[in-house]
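Peer 1: Starting off with a structure, shown below.
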Amino acid sequence: MTQSVMVLNGPNLNLLGQREPGIYGAHTLTDVEGLCRSACAQHGMTLEFRQSNHEGVLIDWLHEAGAAQARGELAGVVFNAGAYTHTSVALHDAIKGAQVKVIELHISNVHAREPFRHHSYLSPAVQGVIAGFGVHGYQLAIAALAMDKQAEVK
Ligand code: CA2
């Protein structure tokens, strides 16, 4: 069965490419979707790409992803939770509760930035974390899910 990858983007990431290019680069979120679509195709997977500024919507999508993964339809989630990374116990609980495989993704190297970005509520609940590789981190995260999928078959 062809599996999909769900890429979820949190608050303000709809502004990507329009502000703060020094930190986040010049690519827009539509560009990122294109990169993700190519990466998924390369690995024989399909893409579901979403963005929301609302915590509850992100929680609902994590639940949906957990159910799809349990049916064998989803390889996992690439999740850039934006600033909710540093504030949200609810997103931590949603990842745990949905039993969904998540790769936490940050465009910037959060550990080289302000101290309030150094702590993540998500990290203890996820498979792994990719940070600091710009928008190419999304492609790395998709490759990591594809490798995991291969390892499960062997
Ligand atoms: O580096 C990342 O990907 C972040 O998750 C981005 C979040 C930030 O709060 C995290 O600490 C690190 C911010 C996303 C907002 O993106 C913008 C993009 C352009 C202009 C303004 C905000």
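Peer 1: List, please: which pairs have Cβ atoms under 6 Å, are six or more places apart or on different chains, and start with a residue in the stretch 109-132 that is within 19 Å of ILE23 (Cα to Cα) and end with one that is part of a strand (DSSP E or B) and of a type in the set (A, V, I, L, M)?
Peer 2: ASN109/ALA131; VAL110/ALA131; ILE130/LEU105
Peer 1: Of everything in the stretch 122-146, what is within 12 Å of the ligand (Cβ to nearest atom), in a loop (DSSP other than H, G, I, E, B) and either more than 16 Å from ASN109 (Cα to Cα) or open to solvent by 20 Å² or more (accessible area, probe 1.4 Å) (or both)? Give them in sequence order.
Peer 2: GLY132, PHE133, GLY134
Peer 1: Ok, one more. How many residues are of a type outside the set (Gly, Ala, Ser) and loosely packed, with under 14 Cβ neighbours inside 10 Å when one looks only at the stretch 25-49?
Peer 2: Result for the stretch 25-49: 2.
Peer 1: What's the total number of residues in the stretch 17-32 that are in contact (Cβ under 8 Å) with a residue 24 or more places away in the chain and either near the ligand (Cβ under 7 Å from one of its atoms) or of a type in the set (D, E, K, R) (or both)?
Peer 2: Of the residues in the stretch 17-32, 2 are in contact (Cβ under 8 Å) with a residue 24 or more places away in the chain and either near the ligand (Cβ under 7 Å from one of its atoms) or of a type in the set (D, E, K, R) (or both).
Peer 1: If we keep just the residues of the stretch 81-91 that are within 15 Å of the ligand (Cβ to nearest atom) and open to solvent by 10 Å² or more (accessible area, probe 1.4 Å), which is nearest to GLY134 (Cα to Cα)?
Peer 2: GLY82
Peer 1: Okay, next question. In the stretch 9-29, which residues are at pLDDT 95 or above, out of contact with any Asp or Glu (no Cβ under 9 Å at 6 or more places or on another chain) and closer than 26 Å to SER88 by Cα?
Peer 2: If the condition is that a residue be at pLDDT 95 or above, out of contact with any Asp or Glu (no Cβ under 9 Å at 6 or more places or on another chain) and closer than 26 Å to SER88 by Cα, then ASN9, ASN12, LEU13, ASN14, LEU15, THR28, LEU29 are the ones that fit.
Peer 1: Would you say GLY97 is in contact with a Gly (Cβ under 8 Å, 6 or more places away or on another chain) and open to solvent by 50 Å² or more (accessible area, probe 1.4 Å)?
Peer 2: Yes, satisfied.
Peer 1: Scan the stretch 100-120 and tell me whether some residue there is away from the ligand (no atom under 16 Å from the Cβ) and either on the phi < 0 side of the Ramachandran plot or not in a helix (DSSP H, G or I) (or both).
Peer 2: Taking every residue of the stretch 100-120 in turn, at least one turns out to be away from the ligand (no atom under 16 Å from the Cβ) and either on the phi < 0 side of the Ramachandran plot or not in a helix (DSSP H, G or I) (or both).
The values are calculated or read from the model by the stated rules, or taken from the named source; none is laboratory data. Just so it is clear, the structure is predicted and the values come from calculations on it, not from any experiment. In this analysis, Cβ positions are derived from the backbone assuming ideal geometry, glycine residues included, and neighbour counts consider all displayed protein chains. Note: areas computed on protein heavy atoms with side chains; ligands, DNA, RNA excluded. Shrake-Rupley method; radii C 1.70, N 1.55, O 1.52, S 1.80 Å.
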